[in-house]
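K.L.:
If you scroll down you'll find the structure; I have some questions about it.
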Amino acid sequence: MSLNISIKKPVVVLKVHSTGRNTDKDRIVQLSVTKYQPEGEPISNTRFINPTIPIPADVSEYHGITDEDVTGAKTFAQVASKLAQFIGDSDILGFGITFDVSILMEEFNRAGVQFSLKDRRVINLSEIYNKLKPRDVYAAIEEFTGTPVKSTRTFSADEYNRASVAIFNGMIDQYGDKEFTDRQGQTQTIEKSIDSIHDIFSGQSSKLDFKGFVVVNKDGRPVFNFGKHKGEIVSDLFATKDGQGYYNWIISKGDYPQDTKDVFTEIFNSVKNQQESATA
């Protein structure tokens, strides 16, 4: 497939899958680059990368890549030099590639291979899409009520409430009693009820607190969803001396909402009670 624009220098379309979303500790497990040049056919290269660390089960469930898939694959350090040469001075294009570019640069840095964004244009298609198809309240009002709204005006709290009702009614009119298929391939009918709307679009969330600092993994166990312990089981960490110190740090920090602290406190107390029972 060709690009529908003229280019004066090469453009690389980029996508990576990784062991997680922390660029400091996570690693790339699959890399795909397609290089378009001013003349000639595009050149594509997609390969598995051995991350040298386990791929968490919930991450494998997301992108479908397991430890078995990357066994025997080359590490990033082994392909870094040739990859940097292949990309060259190309501009970079992709959908939602802020993370992709960030972890790629970290991997190059760890491999000791120079890779810079200087004089390189990075085009994030998701930013273009969001600007062409705004997803703010004004766009929602226009889409679901047909009422033009100037985005330069401000809304009072009461106007926001009335706008929310109008948007909700427009959504129900457009999508009510129709089937919706989620990313996991599950199809459900959007019934015209709060229960149905919640179950389909909100009720399946794995978050244990409102902001999602604590989530449930596929085994039903609470795990950290932030920081240096992201992906680790909360109770397992809290059972250690370092984990107790981490818990105290979380509770003393004003940055975390009270409902988040309450979830951690409940888990911490449960672990503490189990430890006391075991030594009684």
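K.L.:
Among the numbered criteria (1) within 30 Å of Lys272 (Cβ to Cβ); (2) modelled with pLDDT of 85 or more; (3) not in a strand (DSSP E or B), which one does Val215 miss?
P.N.:
(3)
K.L.:
State which residue pairs qualify: first residue over 14 Å from Pro222 (Cα atoms) and without any contact (Cβ under 8 Å) to a residue 24 or more places away in the chain and inside the range 245-269, second residue among the hydroxyl-bearing types (Ser, Thr, Tyr) and in a loop (DSSP other than H, G, I, E, B) in any location, beta carbons under 7 Å apart, and separation of 6 or more residues or different chains.
P.N.:
Partner pairs satisfying both residue conditions: Ile250/Tyr256.
K.L.:
Another one. For the range 230-250, what are the residues that are part of a helix (DSSP H, G or I) and either of a type in the set (S, T, N, Q) or surrounded by 13 or more Cβ atoms within 10 Å (Cβ to Cβ) (or both)?
P.N.:
Val234, Ser235, Asp236, Leu237, Phe238, Gly243, Gln244, Tyr246, Tyr247, Asn248, Ile250
K.L.:
Out of the range 164-183, which residues are farther than 14 Å from Ser196 by Cα and of a type in the set (A, V, I, L, M)?
P.N.:
Hits for the range 164-183 are Val165, Ala166, Ile167.
K.L.:
Quick one: count up the residues across the range 121-151 that are in contact with a helix residue (DSSP H, G or I) (Cβ under 8 Å, 6 or more places away or on another chain) and not in a loop (DSSP other than H, G, I, E, B).
P.N.:
So the answer is 8.
K.L.:
Among the residues of the range 255-280, what is the count of those that are out of contact with any strand residue (DSSP E or B) (no Cβ under 9 Å at 6 or more places or on another chain), β-branched (Val, Ile, Thr) and within 12 Å of Asp236 (Cα to Cα)?
P.N.:
Total satisfying the criteria: 1.
K.L.:
Can we say Thr46 is exposed (fewer than 13 other Cβ atoms within 10 Å of the Cβ), closer than 22 Å to Phe95 by Cα, polar (S, T, N, Q) and under 23 Å from the mean Cα position of the chain (by Cα)?
P.N.:
yes
K.L.:
How many of the residues making up the range 68-113 are acidic (Asp, Glu), assigned to a helix (DSSP H, G or I) and surrounded by 15 or more Cβ atoms within 10 Å (Cβ to Cβ)?
P.N.:
4
K.L.:
When both residues are 6+ apart or on different chains and their Cβ atoms are under 7 Å apart, which pairs have a first residue that lies in the range 102-113 and is among the small types (Gly, Ala, Ser), and a second that is outside any helix (DSSP H, G or I) and surrounded by fewer than 20 Cβ atoms within 10 Å (Cβ to Cβ)?
P.N.:
So the pair list comes out as Ser102/Thr23.
K.L.:
Can you tell me which condition Arg162 does not meet? The list is (1) more than 25 Å from Lys8 (Cα to Cα); (2) in contact with a strand residue (DSSP E or B) (Cβ under 7 Å, 6 or more places away or on another chain); (3) among the charged types (D, E, K, R), and all the others hold.
P.N.:
All conditions pass for Arg162, except number (2).
K.L.:
Can you go through Gly220, Gly227, Gly185 and tell me which one is outside any helix (DSSP H, G or I), surrounded by 11 or more Cβ atoms within 10 Å (Cβ to Cβ) and small (Gly, Ala, Ser)?
P.N.:
Values: Gly220 fails: surrounded by 11 or more Cβ atoms within 10 Å (Cβ to Cβ); Gly185 fails: surrounded by 11 or more Cβ atoms within 10 Å (Cβ to Cβ).
Every option except Gly227 fails the conditions.
K.L.:
May I pose another question? All but one of (1) closer than 15 Å to Glu266 by Cβ; (2) assigned to a strand (DSSP E or B) hold for Asp209; state the number of the condition that does not hold.
P.N.:
Failed condition: (2).
K.L.:
Which pairs have Cβ atoms under 9 Å, sit 6 or more apart or on different chains, and link a residue in the range 8-37 that is over 14 Å from Ile49 (Cβ atoms) to one that is surrounded by fewer than 17 Cβ atoms within 10 Å (Cβ to Cβ) and aromatic (Phe, Trp, Tyr)?
P.N.:
Qualifying pairs under 9 Å: Val12/Phe86; Arg21/Phe99; Thr23/Phe99; Lys35/Phe86.
K.L.:
To continue, here is another question. Inspect the range 27-41 for any residue being basic (Lys, Arg) and more than 23 Å from Thr71 (Cβ to Cβ) and give the result as yes or no.
P.N.:
Scanning the range 27-41 turns up at least one residue that is basic (Lys, Arg) and more than 23 Å from Thr71 (Cβ to Cβ).
K.L.:
Would it be correct to say that Lys118 is within 20 Å of Thr34 (Cβ to Cβ), free of Cβ contacts under 8 Å to residues at least 24 places away in the same chain and either out of contact with any His (no Cβ under 9 Å at 6 or more places or on another chain) or assigned to a strand (DSSP E or B) (or both)?
P.N.:
No; evaluated as a whole, the condition is false for this residue.
The values are calculated or read from the model by the stated rules, or taken from the named source; none is laboratory data. As the structure is a computational prediction, the values presented were derived from the model and not from experiment. Neighbour counts are summed over all protein chains in view; Cβ atoms, including those assigned to glycine, are modelled from backbone coordinates with ideal geometry.
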